[in-house]
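Take a look at this one; I'll ask things after.
The values are calculated or read from the model by the stated rules, or taken from the named source; none is laboratory data. In this text the structure is predicted, and so the values were computed from the model without any measurement. Cβ placement follows ideal geometry from the backbone for every residue including glycine, while neighbour counts extend to all protein chains displayed. Areas reflect the complete protein model, heavy atoms only, side chains present, ligands, DNA and RNA absent. Shrake-Rupley method; radii C 1.70, N 1.55, O 1.52, S 1.80 Å.
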Amino acid sequence: MFDYLSFIEEQIELWPLAADNYRRLGLTERRTLQLGDLTVGVQLNPARIVSTGAKVDASGNVGPRPCFLCAANRPPEQVPYPVMQGWELLLNPFPVFPVHFTIVSTSHTPQSRMPLEMAAMAEALPGMTVFFNGSRSGASAPDHLHCQAVLTEELPLMQLCMERHPLTRPGIETASSWGLDLPFDFWSAVITPDSDGMRILRTMTGACGLDPVTGYPDPGRVNSYFWRDPSGLLRAVAVPRSAHRPACYYADDDSQRLISPGAIEMAGIVITPRADDYRNITTAELRRIYAETGVSLI
(Lines give C-alpha, C1' and ligand atoms only; values in the text may rest on other atoms or scores of the structure.)
Protein backbone atom coordinates (compact mmCIF):
# COMPACT_ATOMS: atom_id res chain seq x y z
CA MET A 1 0.00 0.00 0.00
CA PHE A 2 1.20 3.51 -0.85
CA ASP A 3 2.67 5.20 2.22
CA TYR A 4 1.62 8.73 1.36
CA LEU A 5 2.80 10.31 4.61
CA SER A 6 6.36 9.05 4.09
CA PHE A 7 6.21 10.22 0.47
CA ILE A 8 5.19 13.74 1.56
CA GLU A 9 7.91 13.86 4.21
CA GLU A 10 10.58 12.77 1.73
CA GLN A 11 9.45 15.37 -0.82
CA ILE A 12 9.40 18.17 1.74
CA GLU A 13 12.91 17.25 2.82
CA LEU A 14 14.16 17.43 -0.78
CA TRP A 15 12.13 20.36 -2.14
CA PRO A 16 12.45 23.82 -0.52
CA LEU A 17 9.47 25.31 -2.40
CA ALA A 18 7.16 22.53 -1.27
CA ALA A 19 8.56 22.64 2.25
CA ASP A 20 7.85 26.37 2.48
CA ASN A 21 4.29 26.08 1.13
CA TYR A 22 3.38 23.14 3.36
CA ARG A 23 4.75 25.08 6.33
CA ARG A 24 2.65 28.09 5.30
CA LEU A 25 -0.39 25.84 5.03
CA GLY A 26 -0.28 25.59 8.81
CA LEU A 27 -0.72 29.37 8.96
CA THR A 28 -3.78 29.53 6.70
CA GLU A 29 -7.08 30.68 8.18
CA ARG A 30 -10.47 29.07 7.66
CA ARG A 31 -13.99 30.03 8.58
CA THR A 32 -17.27 28.25 7.99
CA LEU A 33 -20.41 29.49 6.26
CA GLN A 34 -23.68 27.59 6.04
CA LEU A 35 -25.32 27.58 2.61
CA GLY A 36 -28.54 25.84 3.43
CA ASP A 37 -27.69 22.15 3.86
CA LEU A 38 -24.12 22.51 2.56
CA THR A 39 -21.42 23.55 4.99
CA VAL A 40 -18.75 25.55 3.15
CA GLY A 41 -15.26 26.25 4.43
CA VAL A 42 -13.60 29.47 3.26
CA GLN A 43 -9.81 29.26 3.36
CA LEU A 44 -7.35 32.15 3.22
CA ASN A 45 -4.43 30.74 1.22
CA PRO A 46 -2.23 33.35 -0.54
CA ALA A 47 0.01 30.70 -2.17
CA ARG A 48 -2.95 29.52 -4.27
CA ILE A 49 -2.88 32.73 -6.31
CA VAL A 50 -0.85 30.68 -8.82
CA SER A 51 -3.95 28.59 -9.54
CA THR A 52 -6.67 31.15 -8.88
CA GLY A 53 -4.98 33.74 -11.09
CA ALA A 54 -4.01 31.35 -13.90
CA LYS A 55 -4.56 32.97 -17.27
CA VAL A 56 -6.70 30.36 -18.99
CA ASP A 57 -8.91 31.70 -21.77
CA ALA A 58 -12.40 30.52 -22.62
CA SER A 59 -11.13 27.95 -25.14
CA GLY A 60 -8.83 26.33 -22.61
CA ASN A 61 -5.63 27.61 -24.23
CA VAL A 62 -2.68 28.58 -22.05
CA GLY A 63 -0.30 30.10 -24.58
CA PRO A 64 3.33 29.20 -25.21
CA ARG A 65 4.50 28.52 -21.65
CA PRO A 66 6.26 25.16 -21.07
CA CYS A 67 3.97 22.50 -19.61
CA PHE A 68 4.88 22.26 -15.93
CA LEU A 69 3.29 18.80 -15.67
CA CYS A 70 5.53 17.21 -18.30
CA ALA A 71 8.45 15.28 -16.81
CA ALA A 72 11.01 17.26 -18.81
CA ASN A 73 9.85 20.57 -17.30
CA ARG A 74 9.31 19.58 -13.67
CA PRO A 75 11.67 20.64 -10.88
CA PRO A 76 14.29 17.94 -10.29
CA GLU A 77 13.11 17.71 -6.67
CA GLN A 78 9.58 16.69 -7.72
CA VAL A 79 9.92 12.91 -7.61
CA PRO A 80 7.06 10.89 -9.18
CA TYR A 81 5.36 7.83 -7.73
CA PRO A 82 4.03 5.40 -10.41
CA VAL A 83 0.50 5.10 -9.07
CA MET A 84 -0.65 3.03 -12.08
CA GLN A 85 0.35 2.39 -15.67
CA GLY A 86 0.42 5.61 -17.65
CA TRP A 87 0.01 7.82 -14.59
CA GLU A 88 2.37 9.37 -12.05
CA LEU A 89 1.50 10.80 -8.66
CA LEU A 90 3.26 14.04 -7.69
CA LEU A 91 3.24 16.16 -4.56
CA ASN A 92 1.25 19.32 -5.25
CA PRO A 93 3.65 22.17 -4.37
CA PHE A 94 0.76 24.62 -3.79
CA PRO A 95 -1.42 22.62 -1.38
CA VAL A 96 -4.89 23.30 -0.08
CA PHE A 97 -4.67 20.41 2.41
CA PRO A 98 -1.79 18.69 4.25
CA VAL A 99 -2.27 15.69 1.92
CA HIS A 100 -2.57 16.99 -1.65
CA PHE A 101 -1.36 15.22 -4.79
CA THR A 102 -1.53 15.76 -8.53
CA ILE A 103 -1.88 12.66 -10.70
CA VAL A 104 -0.59 13.28 -14.23
CA SER A 105 -0.71 11.35 -17.45
CA THR A 106 2.76 10.32 -18.62
CA SER A 107 1.73 11.59 -22.08
CA HIS A 108 1.21 15.25 -22.93
CA THR A 109 -2.49 14.87 -23.68
CA PRO A 110 -5.00 17.74 -23.38
CA GLN A 111 -7.46 17.89 -20.48
CA SER A 112 -10.26 17.13 -22.92
CA ARG A 113 -11.96 14.23 -21.15
CA MET A 114 -12.67 12.84 -17.72
CA PRO A 115 -10.14 9.99 -17.35
CA LEU A 116 -11.74 6.55 -17.27
CA GLU A 117 -8.89 5.55 -14.96
CA MET A 118 -10.23 7.63 -12.06
CA ALA A 119 -12.07 4.65 -10.58
CA ALA A 120 -8.84 2.61 -10.55
CA MET A 121 -6.99 5.56 -8.99
CA ALA A 122 -9.55 5.66 -6.18
CA GLU A 123 -8.99 1.94 -5.69
CA ALA A 124 -5.23 2.50 -5.45
CA LEU A 125 -5.61 5.39 -2.97
CA PRO A 126 -7.95 4.27 -0.16
CA GLY A 127 -9.15 7.09 2.05
CA MET A 128 -8.67 9.65 -0.73
CA THR A 129 -10.94 11.29 -3.26
CA VAL A 130 -9.56 11.56 -6.78
CA PHE A 131 -11.01 14.58 -8.55
CA PHE A 132 -10.96 16.14 -12.02
CA ASN A 133 -11.20 19.74 -13.21
CA GLY A 134 -12.57 20.05 -16.73
CA SER A 135 -10.62 22.29 -19.10
CA ARG A 136 -13.25 25.03 -18.61
CA SER A 137 -14.02 24.21 -14.99
CA GLY A 138 -10.98 25.09 -12.93
CA ALA A 139 -8.05 23.36 -14.63
CA SER A 140 -4.99 25.62 -14.47
CA ALA A 141 -3.13 23.25 -16.84
CA PRO A 142 -5.75 22.31 -19.49
CA ASP A 143 -2.95 21.32 -21.87
CA HIS A 144 -1.99 18.21 -19.84
CA LEU A 145 -4.41 15.52 -18.65
CA HIS A 146 -4.34 15.25 -14.87
CA CYS A 147 -6.36 14.70 -11.69
CA GLN A 148 -5.75 15.51 -8.06
CA ALA A 149 -6.21 13.58 -4.82
CA VAL A 150 -6.87 14.64 -1.23
CA LEU A 151 -8.28 12.93 1.85
CA THR A 152 -12.01 12.35 1.49
CA GLU A 153 -12.65 13.61 5.01
CA GLU A 154 -11.54 17.09 3.94
CA LEU A 155 -14.39 17.58 1.41
CA PRO A 156 -17.84 18.61 2.72
CA LEU A 157 -19.68 17.58 -0.46
CA MET A 158 -18.43 14.00 -0.19
CA GLN A 159 -19.56 13.83 3.43
CA LEU A 160 -23.00 15.16 2.44
CA CYS A 161 -23.35 12.51 -0.28
CA MET A 162 -22.44 9.68 2.08
CA GLU A 163 -25.07 10.96 4.53
CA ARG A 164 -27.87 11.54 2.01
CA HIS A 165 -27.24 8.76 -0.55
CA PRO A 166 -27.04 5.47 1.40
CA LEU A 167 -25.46 2.31 0.04
CA THR A 168 -28.90 0.69 0.09
CA ARG A 169 -29.80 2.87 -2.94
CA PRO A 170 -27.17 1.95 -5.55
CA GLY A 171 -27.29 3.91 -8.78
CA ILE A 172 -27.37 7.58 -9.71
CA GLU A 173 -29.35 10.25 -7.91
CA THR A 174 -29.53 13.98 -8.49
CA ALA A 175 -29.10 16.32 -5.57
CA SER A 176 -32.31 18.07 -6.59
CA SER A 177 -34.23 14.86 -5.73
CA TRP A 178 -33.12 15.01 -2.09
CA GLY A 179 -35.27 18.01 -1.21
CA LEU A 180 -32.37 19.91 0.34
CA ASP A 181 -31.37 23.56 0.26
CA LEU A 182 -28.25 23.42 -1.92
CA PRO A 183 -26.60 26.14 -4.02
CA PHE A 184 -26.14 23.96 -7.14
CA ASP A 185 -27.16 20.59 -8.57
CA PHE A 186 -24.98 17.51 -9.05
CA TRP A 187 -25.10 13.76 -9.61
CA SER A 188 -24.27 11.26 -6.87
CA ALA A 189 -23.56 7.61 -7.63
CA VAL A 190 -23.13 4.44 -5.60
CA ILE A 191 -21.41 1.96 -7.92
CA THR A 192 -21.75 -1.76 -7.25
CA PRO A 193 -19.24 -4.33 -8.59
CA ASP A 194 -21.61 -5.85 -11.18
CA SER A 195 -23.02 -5.14 -14.63
CA ASP A 196 -25.33 -2.43 -13.27
CA GLY A 197 -22.33 -0.80 -11.62
CA MET A 198 -20.39 -0.84 -14.90
CA ARG A 199 -23.30 0.90 -16.63
CA ILE A 200 -23.40 3.54 -13.90
CA LEU A 201 -19.64 4.00 -14.13
CA ARG A 202 -19.85 4.61 -17.89
CA THR A 203 -22.61 7.15 -17.31
CA MET A 204 -20.66 9.02 -14.64
CA THR A 205 -17.43 9.18 -16.67
CA GLY A 206 -19.45 10.67 -19.52
CA ALA A 207 -21.06 13.39 -17.40
CA CYS A 208 -20.58 16.98 -18.57
CA GLY A 209 -22.15 20.42 -18.73
CA LEU A 210 -23.54 22.30 -21.71
CA ASP A 211 -21.92 24.89 -23.93
CA PRO A 212 -23.90 28.10 -23.18
CA VAL A 213 -23.76 29.22 -26.83
CA THR A 214 -24.46 26.02 -28.77
CA GLY A 215 -26.33 24.09 -26.09
CA TYR A 216 -24.26 21.01 -26.95
CA PRO A 217 -22.66 18.77 -24.29
CA ASP A 218 -19.24 20.09 -23.29
CA PRO A 219 -16.87 17.64 -21.50
CA GLY A 220 -14.74 20.61 -20.42
CA ARG A 221 -17.56 21.84 -18.18
CA VAL A 222 -17.56 19.33 -15.34
CA ASN A 223 -15.94 18.56 -12.01
CA SER A 224 -15.92 14.91 -11.00
CA TYR A 225 -14.91 12.93 -7.94
CA PHE A 226 -14.30 9.23 -7.25
CA TRP A 227 -13.62 7.60 -3.89
CA ARG A 228 -14.09 4.37 -1.99
CA ASP A 229 -16.75 4.42 0.69
CA PRO A 230 -15.59 3.05 4.10
CA SER A 231 -17.57 -0.07 3.16
CA GLY A 232 -15.39 -0.52 0.07
CA LEU A 233 -17.98 0.44 -2.55
CA LEU A 234 -17.02 2.96 -5.22
CA ARG A 235 -18.76 6.32 -5.10
CA ALA A 236 -18.72 9.15 -7.59
CA VAL A 237 -20.03 12.69 -7.93
CA ALA A 238 -20.28 14.78 -11.08
CA VAL A 239 -20.92 18.53 -10.95
CA PRO A 240 -21.97 19.99 -14.32
CA ARG A 241 -20.63 23.50 -14.84
CA SER A 242 -22.07 26.49 -16.66
CA ALA A 243 -19.04 28.80 -16.40
CA HIS A 244 -15.39 28.74 -15.36
CA ARG A 245 -15.44 31.93 -13.31
CA PRO A 246 -18.21 34.11 -11.85
CA ALA A 247 -18.89 37.70 -12.87
CA CYS A 248 -17.39 39.05 -9.64
CA TYR A 249 -13.97 37.65 -10.63
CA TYR A 250 -13.80 40.23 -13.43
CA ALA A 251 -15.31 43.21 -11.55
CA ASP A 252 -13.16 46.33 -11.32
CA ASP A 253 -14.61 47.71 -8.10
CA ASP A 254 -15.11 46.64 -4.47
CA SER A 255 -17.43 43.84 -5.59
CA GLN A 256 -14.52 41.91 -7.09
CA ARG A 257 -13.90 38.52 -5.50
CA LEU A 258 -10.81 36.72 -6.77
CA ILE A 259 -12.44 33.28 -6.57
CA SER A 260 -12.04 30.81 -9.42
CA PRO A 261 -14.13 27.71 -8.65
CA GLY A 262 -12.62 24.34 -9.41
CA ALA A 263 -13.35 20.91 -8.00
CA ILE A 264 -12.17 21.86 -4.51
CA GLU A 265 -14.53 24.87 -4.37
CA MET A 266 -17.46 22.86 -5.74
CA ALA A 267 -16.73 20.25 -3.04
CA GLY A 268 -17.26 22.91 -0.36
CA ILE A 269 -13.84 24.47 0.29
CA VAL A 270 -13.58 27.95 -1.21
CA ILE A 271 -10.04 29.24 -1.63
CA THR A 272 -9.42 32.96 -1.26
CA PRO A 273 -5.86 34.14 -1.96
CA ARG A 274 -6.68 37.68 -0.79
CA ALA A 275 -7.38 38.59 2.82
CA ASP A 276 -10.11 41.09 1.91
CA ASP A 277 -12.08 38.44 0.05
CA TYR A 278 -11.64 36.01 2.94
CA ARG A 279 -12.92 38.53 5.50
CA ASN A 280 -15.75 40.03 3.44
CA ILE A 281 -17.28 37.22 1.39
CA THR A 282 -20.92 36.61 2.39
CA THR A 283 -23.26 33.67 2.06
CA ALA A 284 -25.28 35.62 -0.53
CA GLU A 285 -22.14 36.17 -2.62
CA LEU A 286 -21.15 32.51 -2.36
CA ARG A 287 -24.61 31.41 -3.45
CA ARG A 288 -24.35 33.73 -6.46
CA ILE A 289 -20.88 32.40 -7.33
CA TYR A 290 -22.14 28.82 -7.21
CA ALA A 291 -25.27 29.68 -9.19
CA GLU A 292 -23.22 31.38 -11.93
CA THR A 293 -20.63 28.63 -12.27
CA GLY A 294 -22.67 25.49 -11.52
CA VAL A 295 -26.25 24.56 -12.38
CA SER A 296 -28.51 26.45 -10.03
CA LEU A 297 -31.31 24.70 -8.15
CA ILE A 298 -33.23 27.98 -7.87
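Going highest first, how would you order 227-239, 20-32 by mean Cβ packing within 10 Å?
Highest-to-lowest ranking by the protection proxy: 227-239, 20-32.
Distance between Cα centroids, the stretch 243-298 to the stretch 162-228: provide it in whole Å.
The stretch 243-298 and the stretch 162-228 have Cα centres separated by 23 Å.
Using the Cα gyration tensor of the stretch 155-267, with a ≥ b ≥ c the square roots of its eigenvalues, what is the shape: rounded (a/c below 1.5), prolate (a/b larger than b/c) or oblate (neither)?
prolate
Suppose every Lys and Arg Cβ carries +1 and every Asp and Glu Cβ carries -1, with no other charges. What dipole size does the chain come out with about its Cα centre, to the nearest 20 debye?
With only Lys, Arg, Asp and Glu charged at Cβ, the dipole is about 360 debye.
Scan around residue 127 for amide H atoms under 5 Å from its own, H built in the peptide plane at 1.01 Å from N, and keep only partners 5 or more places away or cross-chain.
Close amide H contacts, sequence-distant or interchain: 228.
For residue 257, list long-range residues whose amide hydrogen, built 1.01 Å from N in the peptide plane, is under 5 Å from its own amide hydrogen.
249, 251
Let me ask something additional. If I take R0 = 41 Å and measure r between the Cβ atoms of residue 29 and residue 198 in this structure, what FRET efficiency does the formula 1/(1 + (r/R0)^6) give, to the nearest 0.05?
For R0 = 41 Å, the calculated efficiency reads 0.40.
Next question, about the same structure. What list of ³J(HN,Hα) couplings, whole Hz, do you get for the stretch 237-253 from phi and the Karplus terms 6.51, -1.76, 1.60, once you set θ to phi - 60° and write x for glycine and proline?
Along the stretch 237-253, the couplings run 9, 10, 10, x, 10, 10, 7, 6, 10, x, 4, 5, 4, 9, 5, 10, 9 Hz.
Sticking with this one: Roughly how many percent of the accessible protein surface of the stretch 108-154 is carbon and sulfur, given a 1.4 Å probe and a whole-percent answer?
Percent of accessible area from carbon and sulfur atoms in the stretch 108-154: 52.
First compute the accessible area of the stretch 156-298 with a 1.4 Å probe, then give the percent of it belonging to carbon and sulfur atoms.
54 percent
Using helices alone, I'd like the mean residue ellipticity at 222 nm for the chain: each DSSP H run of four-plus residues gives -39500 (n - 2.57), total over residue count, nearest 500.
It lands at -6500 deg cm²/dmol.
Residue-wise, which Karplus ³J(HN,Hα) couplings in Hz belong to the stretch 130-137, taking 6.51 cos²θ - 1.76 cosθ + 1.60, θ = phi - 60°, and x for glycine or proline?
Rounded to whole hertz, the list is 9, 10, 10, 9, x, 4, 10, 9.
Using the Cα centre of the stretch 207-260 as the reference point, and only Cβ charges (+1 on K/R, -1 on D/E), how large is the resulting charge dipole? Debye, rounded to the nearest 20.
I would put it at about 320 debye.
Ok, one more. Students often get this wrong, so try it: which of (i) 52, 49, 37; (ii) 66, 38, 35; (iii) 83, 51, 39 is Cα extents along the principal axes in Å as calculated from the structure shown?
(i)
Taking amide H positions as placed in the peptide plane 1.01 Å from N, state which residues far from residue 218 in sequence (5 or more) or on other chains have amide H under 5 Å from it.
Answer set, sorted by chain and number: 209, 210, 211.
Taking springs between alpha-carbon atoms closer than 10 angstrom, which of 155, 145, 35 fluctuates most in the Gaussian network model of the chain?
Of 155, 145, 35, the most mobile in the Gaussian network model is 35.
Also, quick follow-up: Write down the percent of antiparallel bridges among all DSSP beta bridges whose residues are both part of the chain, to the nearest 5.
90 percent
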